[in-house]
1. I need a count of the residues in segment 362-385 that are among the aliphatic types (A, V, I, L, M) and buried (at least 23 other Cβ atoms within 10 Å of the Cβ).
2. Could you check residue 105 against (1) touching a helix residue (DSSP H, G or I) at 6+ places or on another chain (Cβ under 8 Å); (2) more than 16 Å from residue 356 (Cβ to Cβ) and say which number it fails?
3. Do the conditions hold for residue 279, that is, is it in contact (Cβ under 8 Å) with a residue 60 or more places away in the chain and crowded, with 23+ Cβ neighbours inside 10 Å?
4. Quick one: in segment 135-184, of everything that is part of a helix (DSSP H, G or I) and touching a Lys or Arg at 6+ places or on another chain (Cβ under 9 Å), which residue is surrounded by the fewest Cβ atoms within 10 Å (Cβ to Cβ)?
5. Is segment 204-211 home to any residue that is of a type outside the set (Phe, Trp, Tyr), in contact with a Lys or Arg (Cβ under 9 Å, 6 or more places away or on another chain), modelled with pLDDT of 90 or more and surrounded by fewer than 17 Cβ atoms within 10 Å (Cβ to Cβ)?
6. Mind telling me which of the residues 42, 72 ends up being more than 19 Å from the chain's Cα centre (by Cα), closer than 24 Å to residue 178 by Cβ and either at pLDDT 85 or above or surrounded by fewer than 24 Cβ atoms within 10 Å (Cβ to Cβ) (or both)?
7. Could you give every pair whose Cβ atoms fall below 9 Å, whose first residue belongs to segment 110-130 and is in contact (Cβ under 8 Å) with a residue 12 or more places away in the chain, and whose second residue is surrounded by fewer than 20 Cβ atoms within 10 Å (Cβ to Cβ) and among the hydroxyl-bearing types (Ser, Thr, Tyr), counting only separations of at least 6 or pairs across chains?
8. Examine segment 394-403 for a residue that is assigned to a helix (DSSP H, G or I), out of contact with any Pro (no Cβ under 6 Å at 6 or more places or on another chain), crowded, with 22+ Cβ neighbours inside 10 Å and modelled with pLDDT of 95 or more, and state whether such a residue exists.
Amino acid sequence: MTTSSTTRQSERKPQIPLVLGAVFLVYLGQMTLNPIIAPLAREVGLAAWQVGVTISTAALTLVLTSQYWGRRSQSAGRKPVLVTAFAIATVAMMLFTVVAWLGMTGALAGAVLFLLFLVLRGVGFGAAIAAVPPTAQAYIADVTTDEATRVKGMAGVGAVQGMAMIGGAVIGGALAGLGLLAPLIVVPILLGAGLVIIAFRLRPEERHELISVPARVSPRDTRIWPFLVAGFGMFTALGFIQVVIGFLVQDRLGLDSAMTGVVTGGALLAAGLGLIVAQAVIVPRSGWSPGTLLRVGSIVALLGFAVLIPDLGAVPLVAAILLIGLGLGIASPGYTAGPSLLLRREEQGALAGLTGATNGLTFVIAPTAATVLYGVWGPLPVIVGAAIMAIVAAFVMIHPRFRRVKSSPA
């Protein structure tokens, strides 16, 4: 083989690690903020429900844009979509950092501050992050064919999200000890680094590799709706606890704002470890079908919710979050890989967008509802999340679609 042919073969090799790196960096930016969201809100004078509405706004933006991004990644190419997404995310979070600083100094407050939180953290960053997972999932579906390889590829998306959760927990929690502004400064730097890497390292597709008119897929399609229902339930249950973790930590353990960020970071670190163990070790080595992954994962996550309901102290709280991360880490590749094996190549972008929209839809209602319920009674959002997860576990046990699926012809 000549040097030139070797170079051409290398250039044609799928850049899955680079695409997964994009997922990692955008989620690292998001997860770095998570440990400080609750104490930051209280520091600038926002109510818990306003945090919920901000996150729900980001989720609604994701729902409205995910399918567009998924199809656009097949028609325009992955590189233009990812470069655009990272540029939007970087600018939005730079401005969000300035707004948060002004809120902490008292220069901004009340309705104006809340509106800027909605626009920057909600709409701006929500639109950006909506582009990345669908693009990665559609790409992986495009370069894999059999069930085992597809499941491993989709597990890779979850694994880097788990690593981002760990990295974000470590970075956000550690920097919170220096003050709430420190993580806010780091996030746009991380996103800017991702923008540079994608712009200079990711190859654009050849024209013949693009799909000029990607197919649309209905969420009512009988091949996929059971998977979407299961995913909707799983991430709704997660949404009922994710936004209140910081409040649970602070109120159950009686911590100040800075220490709440540190301990919340530790809890999110546990969830990330669970995700990584599930998707980097258990899923690739198990050889389980998508249906089996959903059944096993939902039961493990349900156990985590059950442990989280009572106030048992710091260690059981972290253990519960670990179990939830482990369970959802096992189930998620089944949810994403299962329907992709049933659809054709030109449908994969639309499916990835539907998956992203389904995930986002769960966070439109759940965070706001959770913060309202938390104001009524602390354990209530956890109880609701546990009930939803129990329904998901029963659904994936009995529905026939979750038997072993066969790949659709390309």
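1. Of the residues in segment 362-385, the ones among the aliphatic types (A, V, I, L, M) are 364-366, 369-370, 372-373, 376, 380, 382-384.
Still in the running and buried (at least 23 other Cβ atoms within 10 Å of the Cβ): 366, 370, 382.
The total comes to 3.
2. That leaves (1) as the condition not met.
3. Details: in contact (Cβ under 8 Å) with a residue 60 or more places away in the chain: yes; crowded, with 23+ Cβ neighbours inside 10 Å: yes.
So residue 279 fits the description; yes.
4. Narrowing segment 135-184 to residues part of a helix (DSSP H, G or I): 135-143, 147-176, 181-184.
Filter once more, so that each one left must be touching a Lys or Arg at 6+ places or on another chain (Cβ under 9 Å): 135-136, 138-142, 147.
Numbers: 135: 28, 136: 27, 138: 30, 139: 27, 140: 26, 141: 24, 142: 22, 147: 19.
It comes out as 147.
5. No, that holds for no residue.
6. Values: 72 fails: closer than 24 Å to residue 178 by Cβ.
None of the other options fit; the residue is 42.
7. 128/84; 130/68
8. From segment 394-403, those assigned to a helix (DSSP H, G or I) are 394-398, 400-402; that's our starting set.
Filter again for out of contact with any Pro (no Cβ under 6 Å at 6 or more places or on another chain), leaving 394-398, 400, 402.
Filter once more, so that each one left must be crowded, with 22+ Cβ neighbours inside 10 Å: 396, 402.
After this cut, where a residue has to be modelled with pLDDT of 95 or more as well, the list is 396.
Scanning segment 394-403 turns up at least one residue that is assigned to a helix (DSSP H, G or I), out of contact with any Pro (no Cβ under 6 Å at 6 or more places or on another chain), crowded, with 22+ Cβ neighbours inside 10 Å and modelled with pLDDT of 95 or more.
The values are calculated or read from the model by the stated rules, or taken from the named source; none is laboratory data. Being a predicted model, the structure only gives us computed values, none of them experimental. We place every Cβ from the backbone using ideal geometry, glycine too, and count neighbours over all the protein chains shown.
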